[in-house]
Every structure is written in C-alpha cells, then in structure tokens.
Amino acid sequence: MLNRRKTWAALAVAAAVTVSVPVTAGVASAAPKKPVKAATAKQVAAAKAAQAKAAAAAKKAAAAKAAAKAAAAKAAAAKAAAAAKAAAAKKAAEAAKAVLPFAAVGVVTAVDTAAGTVTVQVASGSKLVAGTEAVFKVSATTKVTKDDEKTTLDTLAEGDKVTVNGVKTAAGLFAAHVNATSPEPVAEPEPTEDPVVEPDPTEEPTEEPTEEPAPVEDPETAV
C-alpha cells in the first residue's frame, strides 16, 4: 500500500513538472517589449550631413577619376600625334632622299605621245643617265621648247638634239624642262665639173749646128 502511494506521488510530481514548463515559457514569450526611442532631430541632421559628406566624397572621387582618365587620354593622343609627326618627317626625309635631280644632253631616238614619253640617247649629263638610252616622262607641267619656241611633245622628232632637266624618283625619270633643237639640214654638195686638161704644146725639135771638122794640113806642104 505504501508503495502504491509513492508511485502515485511520483506520477503527480512529474505531471506537475511537465505542465509547468510550457506555462513558464508562454509567460516568458508574452513579456512586453521595451519601446524604441524615436531619433532626435540632431541625430537626423547628423545622418543627413554624413550622407551628404559621403556623396560629396564619392563625387569628388569620380571627378578625380574622370580627370585622370582624360589626362591619360590626352597624353596618349599627344604621344600618338608625336609618333605620327615623327613618321611623317621620316617619310618626307626618305622621299626627299629618293628624289634626285638630273640633267641630260643627247639626241631623240623615239617619241610616244600616247604614253607621254620621249626616249633620248644621252651623250652627257648626270651620272644617273649619262651614256644610257633613257625614257623621260613628259607631263602637262613639263615645259617643252623647240628652236627657242614653246611647243608640245608631239612636235619633237627623232634626231632632234635635246637638253632635259628633271628629277628621278622610284617611279621613273620625270622631265621638268625639255629643250629641243632641230637638226641642221645636211647641205648637198654642188656637182663639180671635171677639169679639162689642155694638152701641152709640142715643141718643134731644134737641130743643133754641126761643127765642121778642122782642115787637115798636108805634111808635104808644111815642110
């Protein structure tokens, strides 16, 4: 009997403990929260000032970044311009070096008006052309004269004596001035008559006087 009482008592205690735990938890969760204090005007102003300061700093940083980017672009453009200028100067120097002036004196061997060229057997002049049969390009800017009169390429003819001045480039020989002279006409010799040779007058033979022999003295008469 005693044991049964102890058992029922133990069961009662356990039930009490079981019931008390959720009740306590429920009481704790239902505790009222502390009210949040509203921000003061000073705090709001400070927050706004901090936000404005951050925005100004960001704007300043963006402006500095943009300025640096613009400076870099300007430096790159200046560098590219300097490189282009140097390349142009080098190209001009090479082009000037490639252009060589010449002078040629010779005789016309051919004229091609369609191609705008005159071929000359160069007798003397610059080393570039001396001793060669050179083809000179004649353009609309080339000054062409013949017999001291201004003319055109089509009036030049084979056999004309010419003096050509111009420049030599990688593209060929370009004439700036072509001065031609017509060849002098060859004078035909006048026919000459064969001289008539008159015969020498014949001399008549002259007889030399014969000397008479000296008389021979008779020896008897001489005694």
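Structural remarks
Rundown of residues vs (1) part of a loop (DSSP other than H, G, I, E, B); (2) out of contact with any helix residue (DSSP H, G or I) (no Cβ under 7 Å at 6 or more places or on another chain); (3) touching a residue at least 24 places away in the same chain (Cβ under 8 Å), yes/no style:
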| position | (1), (2), (3) |
| --- | --- |
| Gly106 | no, yes, yes |
| Thr119 | no, yes, no |
| Val129 | yes, yes, yes |
| Val144 | no, no, yes |
| Gly159 | yes, yes, yes |
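- Entry remark, region 66-104: residues being open to solvent by less than 60 Å² (accessible area, probe 1.4 Å), at pLDDT below 95 and in a strand (DSSP E or B) number 0 in total.
- Residue in region 170-191 that is closer than 30 Å to Ser124 by Cβ, at pLDDT 60 or above, touching an Asp or Glu at 6+ places or on another chain (Cβ under 9 Å) and among the small types (Gly, Ala, Ser) present: yes
- Region 151-180, subset closer than 13 Å to Thr113 by Cβ and among the polar types (S, T, N, Q), residue nearest to the chain's Cα centre (by Cα): Thr152
- The residue that is nearest to Ser182 (Cα to Cα), among those in region 146-157 that are open to solvent by 80 Å² or more (accessible area, probe 1.4 Å) and not in a loop (DSSP other than H, G, I, E, B), is Glu149.
- So Asp148, is it within 38 Å of the chain's Cα centre (by Cα) and modelled with pLDDT under 95: yes
- Only residues that are of a type in the set (A, V, I, L, M), open to solvent by 40 Å² or more (accessible area, probe 1.4 Å) and in a loop (DSSP other than H, G, I, E, B) were counted across region 131-142, and they come to 1.
- Out of Val122, Val167, one residue alone is modelled with pLDDT of 95 or more, within 22 Å of Val99 (Cβ to Cβ), of a type in the set (A, V, I, L, M, F, W, C) and buried (at least 16 other Cβ atoms within 10 Å of the Cβ). It is Val122.
- Pairs meeting the criteria (first residue in region 172-193 and over 22 Å from Leu156 (Cα atoms) and free of Cβ contacts under 8 Å to residues at least 12 places away in the same chain, second residue surrounded by 13 or more Cβ atoms within 10 Å (Cβ to Cβ) and acidic (Asp, Glu), beta carbons under 9 Å, at least 6 apart or on different chains) are lacking.
The values are calculated or read from the model by the stated rules, or taken from the named source; none is laboratory data. Since the model is a prediction, treat every value here as computed from it, not as a measurement. Neighbour counts run over all protein chains shown; Cβ positions are idealised from the backbone, glycine included. What goes into the accessible areas is simple: the full protein's heavy atoms, side chains included, and nothing from ligands, DNA or RNA. Shrake-Rupley method; radii C 1.70, N 1.55, O 1.52, S 1.80 Å.
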